[in-house]
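For reference, the structure discussed in these notes is given below.
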Amino acid sequence: MANEKQCEEVKFGVTKFEENKRRDFLKLHKPKVYEKVIRFNDKLARGEGVPIIQFQYNYQCNLRCRHCSIEKFHMKRKDERESGRRYFQMDDVRELSRQADEMGLSTIVITGGEPLSFKDFDELVAAIDPEKFWIVSDTNGWFLDDDRARHLKSIGVDKIQLSLDGADPETHDAFRRQQGSWQRAINAVRACQKAGLHIILSTVVWKDRAKSKEFHEFLEMAKQLGVGTYVTYAKPTGAFEGRYDQLVTPEDTDYIRMLEEQYDVFTHMTPSYGMDIGCIAVKRILPVTRYGDVLPCPYIPISLGNFFEESLKEIVERGLNLKWFDPKVKMPCICGEDRYFIDKVMSKTWGDVGVPVRYSEIFTSNDYVHPEKEKSLADALRGSEVDRDFGGEGQSASNEEIEMIMTADGMVPITWAPPEDINYPHQLEGMPDAIRDEEGIPEVWDAPSNRRERMKQQHEPGA
């Protein structure tokens with residue numbers, strides 16, 4: 001009886017400023033997840049990843065947002081059938097859950113597309129297994145009313161991440177290309193709160209939006225609603241492919257960090273669970289597409305391997321062996337801030353190119369911390385200059401260098417913050433080289449949704 005009362009008193013997710021309550025909540029309500037979480041710091045310190053799986057189970061969606069990062073992945077069902085591509089069935093989902101659980105991963109985010117439009121959503125949650133994972137669902141809120149919110153909580157969904165990109169209907173609805181989407185999103189927030197379902201907002205910040213009056217009004221609105229805000233930096237990918245002009249600057253990101261002290265706002269770069277690791281690609285995020293490809297980040301359309309061909313563990317190890325995603329070094333947000341990475345790596349995925357592009361078409365032996373460990377390079381490197389001279393050392397940190405502290409969870413590292421990366425010249429301002437070189441500007445993909453909007457504007461009265 002006392003334990004039941006204690007469970008009721010511990011409320012998690014009201015605000016990021018109550019992070020100290022997270023582990024108490026998990027220990028009481030999700031003990032299997034809790035056991036994984038308390039090992040995060042140690043695993044990262046050993047050079048392992050603890051990624052959240054962002055599961056792109058289905059690309060079905062009711063909106064056509066201007067900034068959609070996944071539009072290039074989407075195939076019509078007819079084209080999908082004719083392609084013969086394998087995609088996730090429920091048995092595959094159960095196998096993904098099993099492998100992720102064995103690796104000590106704690107969180108799976110169901111995304112798409114619009115997850116709440118999936119007819120088999122309930123079956124999908126059950127296949128993932130709420131006892132083993134903290135389950136999050138992305139949504140635009142269109143299908144999320146009071147009844148649905150109560151139902152989601154009852155089947156084991158722990159958290160809703162709701163996309164909202166404006167403090168008023170006019171701004172958001174234009175961005176989402178759907179009238180009424182703002183009001184539906186606001187109604188969805190209130191529905192989750194009534195149901196006691198943890199909810200946060202997710203919004204995109206591009207160049208100069210951080211300091212805008214509109215963004216401050218947005219944060220004030222979120223504060224009045226009583227929800228936290230997760231900020232995603234605009235990336236030059238998907239429908240924004242090649243949009244260098246939308247990239248945030250160091251001034252923008254510094255300002256966001258200042259706002260974190262005043263508002264319940266955070267980014268993927270915000271330290272959490274005692275980890276301050278910089279860019280989270282592979283280390284703390286791991287997208288898995290509908291077709292089994294495993295990406296370093298939702299906004300980097302490069303396949304590190306396919307789940308239907310290799311184990312998840314093997315694919316993650318490959319990713320962590322790439323210098324760009326090495327957990328022993330601290331990177332800036334490489335696809336949202338780093339013009340060097342965008343110029344040298346991201347641009348290779350642009351234009352009339354099928355995505356995701358396979359890792360072997362992008363990275364060379366010089367991109368690996370230990371090139372001799374990458375099986376696709378092993379034969380070519382055997383006895384080569386790279387094999388003899390590279391040494392596979394890279395930047396590393398031994399466990400002895402990590403300052404430890406005794407907590408209720410035992411000895412854990414004090415905020416794990418690896419050293420800044422020195423492998424690559426990180427350019428965080430200005431335009432990438434490709435823009436300055438007119439002959440080198442890569443051709444970019446024109447999203448169908450963008451083409452349709454231009455045609456619609458051309459045919460509007462007075463155009």
In the list TYR273, TYR291, TYR230, which residue meets the criterion of being open to solvent by 30 Å² or more (accessible area, probe 1.4 Å), among the hydroxyl-bearing types (Ser, Thr, Tyr) and in contact with a strand residue (DSSP E or B) (Cβ under 9 Å, 6 or more places away or on another chain)?
TYR230
If you scan region 333-355, which residues turn out to be surrounded by 21 or more Cβ atoms within 10 Å (Cβ to Cβ) and either of a type in the set (Ser, Thr, Tyr) or in contact with a His (Cβ under 6 Å, 6 or more places away or on another chain) (or both)?
ASP338, SER347, THR349
Please name all residue pairs, on different chains or six or more residues apart, with Cβ atoms under 8 Å, provided the first residue is in region 266-288 and is in contact (Cβ under 8 Å) with a residue 60 or more places away in the chain and the second residue is assigned to a loop (DSSP other than H, G, I, E, B) and among the hydroxyl-bearing types (Ser, Thr, Tyr).
PRO271/THR415; GLY274/THR415; MET275/THR415; ASP276/THR415
Are any residues in region 251-304 assigned to a loop (DSSP other than H, G, I, E, B) and of a type in the set (D, E, K, R), and if so, which ones?
GLU260, GLU261, ASP264, ASP276, LYS283, ARG284, ARG290
Here is a check on your reading of the model: is GLU131 surrounded by fewer than 14 Cβ atoms within 10 Å (Cβ to Cβ), within 27 Å of ARG284 (Cβ to Cβ) and under 23 Å from the mean Cα position of the chain (by Cα)?
yes
Taking region 45-60 and keeping residues more than 18 Å from the chain's Cα centre (by Cα) and either open to solvent by less than 60 Å² (accessible area, probe 1.4 Å) or without any contact (Cβ under 8 Å) to a residue 40 or more places away in the chain (or both) leaves ALA45, GLY47
Looking only at region 356-373, count every residue that is over 24 Å from ASP343 (Cβ atoms) and open to solvent by less than 10 Å² (accessible area, probe 1.4 Å) and tell me the total.
0
In region 67-102, how many residues are outside any loop (DSSP other than H, G, I, E, B) and either of a type outside the set (A, V, I, L, M, F, W, C) or farther than 24 Å from PHE240 by Cβ (or both)?
22
Can you run down the residue pairs with Cβ atoms below 8 Å, 6 or more apart or on separate chains, where the first is in region 62-84 and closer than 17 Å to GLY238 by Cβ and the partner is hydroxyl-bearing (Ser, Thr, Tyr) and outside any loop (DSSP other than H, G, I, E, B)?
LEU63/SER181; ARG64/SER449; CYS65/SER163; CYS65/SER449; ARG66/SER449; CYS68/SER449; GLU71/SER449; MET75/SER83
Please find, among LYS78, LYS119, the residue that is surrounded by fewer than 20 Cβ atoms within 10 Å (Cβ to Cβ), basic (Lys, Arg) and at pLDDT 95 or above.
LYS119
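The values are calculated or read from the model by the stated rules, or taken from the named source; none is laboratory data. Given the structure is predicted, the values throughout are model-derived calculations rather than measurements. Glycine gets a Cβ as well: all are built from the backbone with ideal geometry, and neighbour counts include every protein chain shown. Ligands, DNA and RNA are excluded from the accessible area calculation, which covers all protein heavy atoms including side chains. Shrake-Rupley method; radii C 1.70, N 1.55, O 1.52, S 1.80 Å.
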